[in-house]
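Here, each number is a calculation from the coordinates, and none is a lab measurement. Predicted, not measured: the structure shown is a model, and the values here were computed from it. Neighbour counts run over all protein chains shown; Cβ positions are idealised from the backbone, glycine included.
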Amino acid sequence: QVQLVESGGGLVQPGGSLRLSCAASGNIFSIGAMAWYRQAQGNQREWVAVISSGGSASYADSVKGRFTISRDNAKNTVYLQMNSLKPEDTAVYYCNCKGLLGPSVAPAQMDIWGQGTPVTVSS
């Protein structure tokens, strides 16, 4: 089975920066779009950013201009560079990966989530 492992979360001061990473492993045939979501305490999970297999990125209005999503296809990894962090960015951040599971002779649709990594922005 495919697994997503996230890392890079932690405590940072307002205005600081943090970079999250999410690495996929397992029986992957191909990876399409990769995305980041976040969920603050008491709130619904919300979409943050997405990047296509070709590298085209889109962002939620709340993070546009501050966050950058990128990917390394050779490593099956997606990143989220977070700059100018605000207390409102405090949440558990989740990676999502879509694509195809192996085997290559009979691929299946893939839509999986990481375990989440917490980010706290506070002075």
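Values for this structure:
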{"item": "Other-chain or far-sequence residues with amide H under 5 Å of residue 86's (modelled H)", "result": "15"}
{"item": "Inter-label distance for residue 43 and residue 113, nm, one decimal - labels placed 7 Å from Cα along Cα-to-Cβ", "result": "1.6 nm"}
{"item": "Cα gyration tensor shape of the stretch 40-97, rounded if a/c is under 1.5, else prolate or oblate by comparing a/b with b/c", "result": "prolate"}
{"item": "Coil-residue trypsin sites (Lys or Arg not before Pro) of the stretch 35-110, DSSP, other Cβ within 10 Å capped at 11", "result": "64"}
{"item": "Derived scalar couplings ³J(HN,Hα) [the stretch 2-14; Karplus, 6.51 cos²θ - 1.76 cosθ + 1.60; whole Hz; x for Gly, Pro]", "result": "8, 10, 10, 10, 9, 7, x, x, x, 9, 9, 7, x"}
{"item": "Farthest toward positive dipole pole in the chain [+1 Lys/Arg, -1 Asp/Glu at C-beta], among 1, 65, 34", "result": "65"}
{"item": "Under-5 Å amide H pairs with residue 33, H placed in peptide plane, nonlocal only", "result": "53, 98"}
{"item": "Per-residue HN-Hα couplings for the stretch 106-123 [Karplus 6.51, -1.76, 1.60; θ = phi - 60°; Hz; x = Gly/Pro]", "result": "8, x, 10, 5, 10, 8, 10, 10, x, 7, x, 10, x, 10, 10, 10, 7, 8"}
{"item": "Test item: Cα-centred dipole of the chain, Lys/Arg +1 and Asp/Glu -1 on Cβ, debye", "result": "140 debye"}
{"item": "Selection from 44, 114, 23, by position along the positive dipole direction of the chain (Cβ)", "result": "23"}
{"item": "Karplus (6.51, -1.76, 1.60) ³J(HN,Hα), θ = phi - 60°, over the stretch 93-98, in Hz, Gly and Pro reported as x", "result": "9, 10, 8, 10, 9, 10"}
